[in-house]
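Asks: My structure is below; once you've seen it, I'll send some questions.
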C-alpha cells in the first residue's frame, strides 16, 4: 500500500520559534491533508490541499502541496504552548469506492515556554 | 452538535479474551470508518461503512476482528480472541459523504486497548 515518509519524527522548540515539517511519497496523490492530534483526543483536520502547487494558510499555519504531487510541507509560525501535539500528514485513497485516509507516522511537537 | 464518541476510552484485557469497542458517529453521518494506531506506527485504515453496509474492509488485519453497524447508526468492533499485537489506539471517524468535498472525516477520541 501507499507509504508516506514524514519528518522530523519529533521536535523540541522554544515558544515563538517557527516550525517546519514535511511528508514525501513515491506515489502521486491528488489531495494532501494535515491533521493535529492533541493528547487524549482524535486527529483534527487543520488544512486540506487539493491542487499541485497550492499554498494554503489557516492562521499561523501554512501548508503547501508540492508541484510534483509527491510531497507537502506544513509550517507553523510563532509557536505557542498550545501547538503541542502530534501532527500527521495524510492522503486520501479512493480505491474500492472508499475514501480511506493513509497517514504518515506523525511529528511530535513540544514547545518549551 | 455532539462529536464522534467512543467507548470505552481505555480497555486492558488478557491475551485470549474478547473486547468490544463502540463508536457513535455524528448524527446524520452515513459514513463510518475504523482506524488503528499501533505504538510508534502510523494510523492505519481498517474499514469503512456506508450506512449498515461494509464498503471497504481491506484494512482488517484478520478474522479475529469483526465490525458491525446494525441499523446504520453506531458501530462495534469486536476482537476475539485478542492477541498482544492488537494493542494500540482504535479510532473511529465519520463523514457526511464519502467524497472529499463534504467528506471531511471527524475523529473520535479513540479507545486505547492494551492486551497483556
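Asks: In this structure, does residue A:64 turn out to be part of a strand (DSSP E or B) and more than 28 Å from residue B:3 (Cβ to Cβ)?
Replies: yes
Asks: Any idea which of (1) surrounded by fewer than 18 Cβ atoms within 10 Å (Cβ to Cβ); (2) away from chain B (no Cβ under 13 Å); (3) at pLDDT 95 or above is the one residue A:53 doesn't satisfy?
Replies: It fails just one condition, (3).
Asks: Still on this structure, I have one more. Do we find that residue A:86 is more than 8 Å from every other protein chain (Cβ to nearest Cβ) and at pLDDT below 95 in this structure?
Replies: no
Asks: Also: Within the stretch B:71-91, is even one residue under 10 Å from the mean Cα position of the chain (by Cα), surrounded by 14 or more Cβ atoms within 10 Å (Cβ to Cβ) and facing another protein chain (nearest Cβ under 8 Å)?
Replies: Yes, because at least one residue in the stretch B:71-91 is under 10 Å from the mean Cα position of the chain (by Cα), surrounded by 14 or more Cβ atoms within 10 Å (Cβ to Cβ) and facing another protein chain (nearest Cβ under 8 Å).
Asks: Can you tell me which of (1) within 11 Å of chain B (Cβ to nearest Cβ); (2) touching a residue at least 60 places away in the same chain (Cβ under 8 Å) is the one residue A:48 doesn't meet?
Replies: (2)
Here is a yes/no grid of residues against (1) more than 12 Å from every other protein chain (Cβ to nearest Cβ); (2) within 16 Å of residue A:99 (Cβ to Cβ); (3) in contact (Cβ under 8 Å) with a residue 24 or more places away in the chain; (4) not in a strand (DSSP E or B):
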{"position": "B:17", "(1), (2), (3), (4)": "yes, no, yes, yes"}
{"position": "B:23", "(1), (2), (3), (4)": "no, no, yes, no"}
{"position": "B:29", "(1), (2), (3), (4)": "yes, yes, yes, yes"}
{"position": "B:32", "(1), (2), (3), (4)": "no, yes, yes, no"}
{"position": "B:35", "(1), (2), (3), (4)": "no, yes, yes, no"}
{"position": "B:44", "(1), (2), (3), (4)": "no, yes, no, no"}
{"position": "B:49", "(1), (2), (3), (4)": "no, yes, yes, no"}
{"position": "B:63", "(1), (2), (3), (4)": "yes, no, no, yes"}
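Asks: Right, next: Residue check: is residue A:21 surrounded by fewer than 20 Cβ atoms within 10 Å (Cβ to Cβ), in contact (Cβ under 8 Å) with a residue 60 or more places away in the chain and more than 10 Å from chain B (Cβ to nearest Cβ)?
Replies: no
The values are calculated or read from the model by the stated rules, or taken from the named source; none is laboratory data. Predicted model, so just to flag it, every value in this text is computed and none were measured. A quick note on method: Cβ atoms are made from the backbone with ideal geometry, for glycine too, and the neighbour counts reach across all protein chains shown.
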